[in-house]
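Enquirer: The structure follows.
The values are calculated or read from the model by the stated rules, or taken from the named source; none is laboratory data. Given the structure is predicted, the values throughout are model-derived calculations rather than measurements. Because the Cβ atoms are built from the backbone with ideal geometry, glycine has one as well, and the counts that use them run over all protein chains shown. Keep in mind that these areas ignore ligands, DNA and RNA; they rest on the heavy atoms of the full protein, side chains included. Shrake-Rupley method; radii C 1.70, N 1.55, O 1.52, S 1.80 Å.
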Amino acid sequence: MNSAMYSDTAAQVNTETSSYPIWVGWEIYEEIGERINNLIRPEVAYLITDQNSQKHARSIQVSLEKNEIKTHIFIMESGEIYKTLDTVGHAYEWLAKLKAERNHLVLAVGGGVVGDLAGFVAATFLRGMPFGQVPTSLLAVMDASVGGKVAVDLPYGKNMVGAFYQPKFVMSDVSFLKTLDQRQLNSGWSEAIKHSLIVDRNLFDEFQTYVDDITSFDPDVTTNIIRRSVAIKADVVSKDEKETLGIRILLNYGHTIGHAIEAITGYSKYLHGEAVSIGMMGAAHISHSLGILSGDEVDLQRAVLDSYKLPTCAFGLNKKQIIESIKSDKKTVSGDVTWVLLEKIGKSLTRRGVSRNTVMDALDMIIESKAS
Ligand code: NAD
């Protein structure tokens with residue numbers, strides 16, 4: 001069966017190395033066994049999940065077993081601190097003892113940590129096993145599960161060892177997100193809104209119009225808006241899988257300052273989407289001071305981020321430290337940052353050679369000296 005036959009297909013990602021569907025629906029988990037069999041027919045599936053997502057992994061397991069796919073579950077501890085080679089080693093041992101074969105499936109059921117780690121395991125065990133993703137956090141649905149970047153952290157830095165390894169499919173069951181806590185959900189909306197800011201004004205307007213339906217998790221409205229936002233990332237990744245053509249970099253809107261804020265606060269004070277939200281305000285201010293973006297649009301961006309309870313400024317951070325951290329970011333080349341900026345809401349561009357003073361002025365707008 002062709003994957004396009006499912007009405008909930010948000011996108012078909014087409015890269016040089018593969019082509020795979022992303023399904024986004026409400027309570028579609030019961031169909032996963034049948035859908036997998038239509039795609040790859042694995043005899044055995046190895047589910048990798050974490051403590052907080054294991055309930056959803058169990059639901060997936062039932063569907064797989066009903067469809068005669070044997071299953072095993074590996075439950076890792078939850079949290080970024082476990083996205084390590086040590087956990088990978090335990091997963092390798094588990095797969096080796098179960099005599100996993102090259103045509104069996106590794107299936108990630110969890111947030112971005114599980115997806116990144118399970119993908120790394122799938123990419124490397126037996127030099128590569130088929131891999132599927134069932135993201136269960138909004139951030140993973142929106143971002144981490146789409147694009148084939150898999151990695152684990154080293155003590156020297158985040159995502160330092162990894163690969164580009166595309167899955168065979170991604171199934172996002174939006175009903176799984178109901179068990180997320182509110183702060184995690186809001187953090188995921190940040191990436192979703194970012195997609196609209198960089199390429200789709202209509203979608204941005206919908207985030208503004210349907211804020212109540214979306215934040216109260218109305219099944220139809222929420223599923224639809226997530227499907228459209230995911231399709232944007234899938235489209236960008238299809239055009240520029242390995243970030244070499246200057247297209248995928250647009251997804252970094254808000255990330256230059258956002259990553260620096262995460263790094264100087266030890267990845268503990270802000271969730272990723274929260275730091276990106278503050279970073280998007282910084283990038284909007286830079287866009288405005290370079291005369292590219294109107295002040296009204298900066299205010300509109302802030303208002304929409306506010307309505308999703310996302311932070312638009314930070315308190316008590318050292319601006320010089322932020323600048324130093326930006327300079328040492330792995331995306332910074334010879335000290336010059338490629339900034340992703342907005343020309344207007346729904347249209348982004350990149351700029352190099354933005355002066356330190358311009359960046360400092362923008363930081364003045366988003367970093368308050370202390371909490372009011
Ligand atoms: P996470 O996986 O740690 O999930 C956040 C928390 O939510 C965890 O405690 C998790 O156990 C819990 N959780 C997940 N699903 C749940 C559910 N349905 N109900 C209740 N709790 C649930 O973090 P994340 O925010 O999902 O992802 C962050 C990770 O993703 C980082 O490691 C980051 O590097 C990575 N990432 C990767 C990419 C990529 O392109 N590969 C992109 C963005 C982020």
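Enquirer: Of all residues in segment 128-179, which are away from the ligand (no atom under 11 Å from the Cβ), within 17 Å of Ile40 (Cα to Cα) and of a type in the set (Val, Ile, Thr)?
Expert: If the condition is that a residue be away from the ligand (no atom under 11 Å from the Cβ), within 17 Å of Ile40 (Cα to Cα) and of a type in the set (Val, Ile, Thr), then Val170 is the only one that fits.
Enquirer: Determine the pairs where a residue that is among the acidic types (Asp, Glu), located within segment 47-71, has a partner that is buried (at least 19 other Cβ atoms within 10 Å of the Cβ) and not in a helix (DSSP H, G or I) with Cβ atoms under 7 Å apart, the partner being 6 or more residues away or on another chain.
Expert: Asp50/Met76; Asp50/Gly110; Glu65/Thr71
Enquirer: May I ask you to list the residues in segment 93-120 that are under 25 Å from the mean Cα position of the chain (by Cα) and open to solvent by 10 Å² or more (accessible area, probe 1.4 Å)?
Expert: Here is the first cut: in segment 93-120, the ones under 25 Å from the mean Cα position of the chain (by Cα) are 105-120.
If the condition is that a residue be under 25 Å from the mean Cα position of the chain (by Cα) and open to solvent by 10 Å² or more (accessible area, probe 1.4 Å), then Gly111, Gly112, Val113, Asp116, Phe120 are the ones that fit.
Enquirer: Hey, can you tell me all the residues within segment 180-208 that are within 13 Å of the ligand (Cβ to nearest atom), in a helix (DSSP H, G or I) and of a type outside the set (A, V, I, L, M, F, W, C)?
Expert: The answer is Gln182, Arg183, Gln184, Asn186, Ser187, Gly188, Ser190, Glu191, Lys194, His195.
Enquirer: Considering only residues that are touching a residue at least 40 places away in the same chain (Cβ under 8 Å) and touching a helix residue (DSSP H, G or I) at 6+ places or on another chain (Cβ under 6 Å), which ones fall in segment 16-45?
Expert: Pro21, Ile22, Val24, Trp26, Glu27, Tyr29, Ile32, Ala45
Enquirer: Turning to a different aspect of this structure: Looking at Lys320 and the list (1) over 15 Å from Ala260 (Cα atoms); (2) exposed (fewer than 13 other Cβ atoms within 10 Å of the Cβ), which single condition is not satisfied?
Expert: (1)
Okay, residues lined up against (1) open to solvent by less than 10 Å² (accessible area, probe 1.4 Å); (2) β-branched (Val, Ile, Thr); (3) touching a helix residue (DSSP H, G or I) at 6+ places or on another chain (Cβ under 9 Å); (4) touching a residue at least 12 places away in the same chain (Cβ under 8 Å):
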position: His195; (1), (2), (3), (4): yes, no, yes, yes
position: Asp205; (1), (2), (3), (4): no, no, yes, no
position: Ser229; (1), (2), (3), (4): yes, no, yes, yes
position: Ile257; (1), (2), (3), (4): yes, yes, yes, yes
position: Gly273; (1), (2), (3), (4): yes, no, yes, yes
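Enquirer: Quick one: is Asp329 closer than 24 Å to Glu274 by Cβ and modelled with pLDDT of 95 or more?
Expert: Considered against the rule, which asks whether it is closer than 24 Å to Glu274 by Cβ and modelled with pLDDT of 95 or more, Asp329 comes out as no.
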